[in-house]
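Report on the structure given below.
The values are calculated or read from the model by the stated rules, or taken from the named source; none is laboratory data. Just so it is clear, the structure is predicted and the values come from calculations on it, not from any experiment. Methodologically, a virtual Cβ is constructed for each residue, glycine included, from the backbone with ideal geometry; neighbour enumeration extends over all protein chains shown. These accessible areas exclude ligands, DNA and RNA; they are computed on the full protein's heavy atoms, side chains included. Shrake-Rupley method; radii C 1.70, N 1.55, O 1.52, S 1.80 Å.
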Amino acid sequence: MCLIVFAWRPGHAQPLIVAANRDEFYARPSLPLAQWPEAPQVYAGRDLEAGGTWLGIGANGRFAALTNIRDPHQPPARKSRGELVARFLTGEMPIDDYLSEVIGRSLEYAGFNLLIGNAHELWHFNAHETEAVMVPPGVYGLSNAGLDTPWPKLLRARAGLEALLDDPQPEALLALLNDPQPAPFTELPDTGVGLATEALLSSVFIASPTYGTRASTALIVQADGTRHMVERSFGPYGGHLGEVEIRV
């Protein structure tokens, strides 16, 4: 994923609301949101190149999502970051034990943000830090830096989510993710990829011939543990490829 905005509201009728875009090269093969045959408790898309995923839900209220940290100077990774989400969703390890393991192995991966939780708690780990943090109740954004780093796309999407929280619906969440407006040049971050690329990556929804938003996902979790997910898939230039809706 490259942009996740979420509301974490323990004790609320809808404790977790998530709207997220996965940005990736269109040529990288993947499958859309579905129940995994070998792990029927997991509902997620799948990266067919490395076998992991970018966002999904599992048994006992498990939720996990991932963004990369944009750093063109970081060394090549030995392992795919998507396995960090997949291993949590398919496993039964308690959150604190799982995070301890991830922290101890974080150098095996390129830079990442990992967001994991269950019905009772939500945690964030940035691979450039030494500790994971339990997320307090609130509304947050996560892109390709730290939690709530105020990039223009994050601020726009987070404000859009805040405006929907009285009555969050998948269609409205997906609409806020479909915002193609780039940031003004004066507001672009400098992550070392050059001005033209910074501009391309500055919109909530990215579209180009080779790279862009591949999937937009809306997730609404109810207090009774039921979950409603809708995912839309896209191809080059933002062409709509399909939609999957799951209620579990």
Quick check of the Kirkwood formula: for the stretch 6-71, what is the inverse mean of 1/r over all pairs of different Cα atoms, in Å? 13.5
Quotient of Cα radius of gyration and Kirkwood radius for the stretch 3-247, i.e. Rg/Rh, equals 0.93
Please report the accessible area of Met134 (heavy atoms, 1.4 Å probe, ligands and nucleic acids excluded) in Å², nearest 10. 100
Place a point 7 Å from the Cα of Ala175 in the direction of its beta carbon; the residues of the stretch 129-164 whose amide N falls under 11 Å from it are 164
With a Förster radius of 41 Å, plug the Cβ-Cβ distance of Leu107 and Gln222 into 1/(1 + (r/R0)^6) and report the FRET value to the nearest 0.05. 0.60
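Please state the charge dipole magnitude for the stretch 3-247, taken about the Cα centre, from unit charges on C-beta atoms (+1 on K and R, -1 on D and E), reported in debye and rounded to the nearest 20.
360
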With each pseudo-label sitting 7 Å past Cα toward Cβ, what's the His240-Asp96 distance in nm, one decimal? 4.7
Of Ser80, Leu142, Gly56, which is farthest along the charge dipole of the chain in the positive direction, counting Lys and Arg as +1 and Asp and Glu as -1 at C-beta? Ser80
Mind putting a number on the dipole of the stretch 20-83 about its Cα centre? Charges go on the C-beta only, +1 for Lys and Arg and -1 for Asp and Glu, and I need it in Debye to the nearest 20. 120
With all protein chains present, the chain has a carbon and sulfur share of its accessible area (1.4 Å probe) in percent of 55
Let's test the formula: R0 of 35 Å, r as the Cβ-Cβ distance of Glu49 and Thr197. What FRET efficiency results, to the nearest 0.05? 0.95
Could you rank the peptides 168-174, 127-133 by their average count of other C-beta atoms within 10 Å per residue, with the highest value first? 168-174, 127-133
Tell me, what does the Kirkwood hydrodynamic radius of the stretch 79-143 come to in angstroms if you use every pair of distinct C-alpha atoms? 12.3
